[in-house]
Amino acid sequence: MLAVCVLAIAGMIVASVTDHNGVAIATGLTAAVAIVCLILVTAVAGPEAFGAPAPVDETAAADLERRIDALVASGADEAEVRSLVRAAGRVYRRSTGRSAP
């Protein structure tokens, strides 16, 4: 749809410059239909279809923070623990093909 829209806009410009008004109107209508289709696809598909990140699970995040605090309280270096958590997240994202937030 995007390619159709771009080509139709180019067609409008070329047809207008060369004084082919009928062709300019036809390609303009084609561009309008393509734009409406793009709007409808975007509205119907929802953000999941466009790679939007999943919402944060607040319960899991709170549990992770509680566990980090427990490790730090038992003597682990907080910077090392947080570095380990970041590294685990990178490994997970690479193994599942997900991008970093």
Q.
List the residues, sorted by chain then number, that are 5 or more residues from residue 20 or on another chain and whose placed amide H is less than 5 Å from its amide H.
A. none
Q. Over the chain, what relative contact order in percent results from Cα pairs under 8 Å that are six or more residues apart?
A. 19
Q.
Give me the one-decimal nm value for the distance between modelled label points at residue 65 and residue 14, 7 Å along each residue's Cα-to-Cβ direction.
A. 5.8
Q: Compute the distance in nm between two label points, each set 7 Å from the Cα along the Cα-to-Cβ direction, one at residue 91 and one at residue 50.
A: 3.5
(Q) Quick check on the range 30-79: what does the Kirkwood estimate of hydrodynamic radius come out to from the alpha carbon pairs, in Å? (A) 14.7
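Over all distinct Cα pairs, what is the inverse of the mean 1/r for the range 2-50, reported as the Kirkwood hydrodynamic radius in Å? Could you put the intermediate results ahead of the total?
Numbers: mean 1/r = 0.0872 Å⁻¹.
Answer for the range 2-50: a Kirkwood hydrodynamic radius of 11.5 Å.
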Q) Per residue, how much space in cubic angstrom lies within the convex hull of the C-alpha atoms of the chain? A) 127
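Only the coordinates and a few stated rules stand behind these numbers; no lab work does. Predicted, not measured: the structure shown is a model, and the values here were computed from it. Neighbour counts are summed over all protein chains in view; Cβ atoms, including those assigned to glycine, are modelled from backbone coordinates with ideal geometry.
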